[in-house]
Amino acid sequence: MTTENRTRKLVCLTGFMGSGKSTTARILAGQLGWVNTDLDRCITEATHLSIPEIFSRLGEAEFRRIEYEQLARIVAESTATQKPRIVSLGGGTIMQSQNLVLLREVGAALIWLHCPIEELLNRCAHITDRPLFRDETSFRRLYAERLPTYEMSDYKVESRGEPARVVEQILALGIFPGVTA
Ligand code: S3P
């Protein structure tokens, strides 16, 4: 199988907290008839803990270990079943080099949902389930630190608008079989 064929079977959405990864993935997978997998949800289901509980009780290092474990499980399942799948990653997933290596090895396509920091701040300001959203200064710092890694994605899509418009842009990338740009 060529890398291109494999790429089309596993498509991952990355981007900072609040960029709309989970919602976009759900709509996109629904339109394509693909499997939709939310990495954060896999983590909470596996641990029976919420994301803030994992951070406060077990610490971030343990969260990252579980995140890798779940991503590896998803990738293995995806390879075994060969069912085309959209995966919404966590905002920090590809910051861990082993996760990026794993996704590259199986030829996953990585789509970065890019959103201006001001919009991300608006979206995240009222949400309490993000342990890494402490204050505006650290949020801005983390965003700046992560940008170079997000830029390593295969595709970049603006996610400031409605999720349905974001999905349209993703479908127009021309990477889905049977969907013309
Ligand atoms: C994280 C983002 C969260 C979640 C965890 C860590 C991060 O996911 O995985 O709180 O490191 O940016 P979302 O990007 O879906 O908020």
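Computed FRET efficiency, Cβ-Cβ of residue 105 and residue 179, R0 35 Å: what is it to the nearest 0.05?
For R0 = 35 Å, the calculated efficiency reads 0.85.
Work out the P(r) tail for the range 84-163: percent of alpha carbon pairs separated by more than 14 Å, whole number.
67
Could you pull out the trypsin sites (Lys or Arg not before Pro) across the range 78-135 that fall in loop regions by DSSP (anything but H, G, I, E, B) with no more than 10 other Cβ atoms inside 10 Å?
134
Counting only other residues whose beta carbon sits under 15 Å from that of residue 153, what net charge do I get with K and R as +1, D and E as -1?
+1
Express the carbon and sulfur contribution to the solvent-accessible surface of the chain as a percent, rounded to the nearest whole number, probe 1.4 angstrom.
50
Restricting to DSSP loop positions (anything but H, G, I, E, B) with no more than 15 other Cβ atoms inside 10 Å of their own Cβ, which GluC sites (Glu not before Pro) remain in the range 114-181?
151
Please report the base-10 log of the normalised intensity I(q)/I(0) for the chain, using a Debye sum with one equal scatterer per alpha carbon and no solvent, at each q in 0.15 (1/Å).
Treating every Cα as an identical point scatterer, log10 I(q)/I(0) equals -0.86.
For the range 21-126, what class follows from the C-alpha gyration tensor (a ≥ b ≥ c being the square roots of its eigenvalues): rounded when a/c is under 1.5, otherwise prolate if a/b is larger than b/c, else oblate?
oblate
I'd like to check one number: the per residue accessible area of the range 54-181, probe 1.4 Å, reported in Å² as a whole number.
51
Taking a ≥ b ≥ c as the square roots of the eigenvalues of the Cα gyration tensor of the range 117-181, is the shape rounded (a/c under 1.5), prolate (a/b larger than b/c) or oblate?
Verdict is prolate for the range 117-181.
Using amide H atoms built 1.01 Å from N in the peptide plane, name the residues 5+ places from residue 38, or on other chains, whose amide H lies under 5 Å from its own.
Long-range HN contacts for residue 38: 88.
The values are calculated or read from the model by the stated rules, or taken from the named source; none is laboratory data. Just so it is clear, the structure is predicted and the values come from calculations on it, not from any experiment. FYI the Cβ positions are ideal-geometry reconstructions off the backbone, even for glycines, and counts take in every protein chain you see. Ligands, DNA and RNA are excluded from the accessible area calculation, which covers all protein heavy atoms including side chains. Shrake-Rupley method; radii C 1.70, N 1.55, O 1.52, S 1.80 Å.
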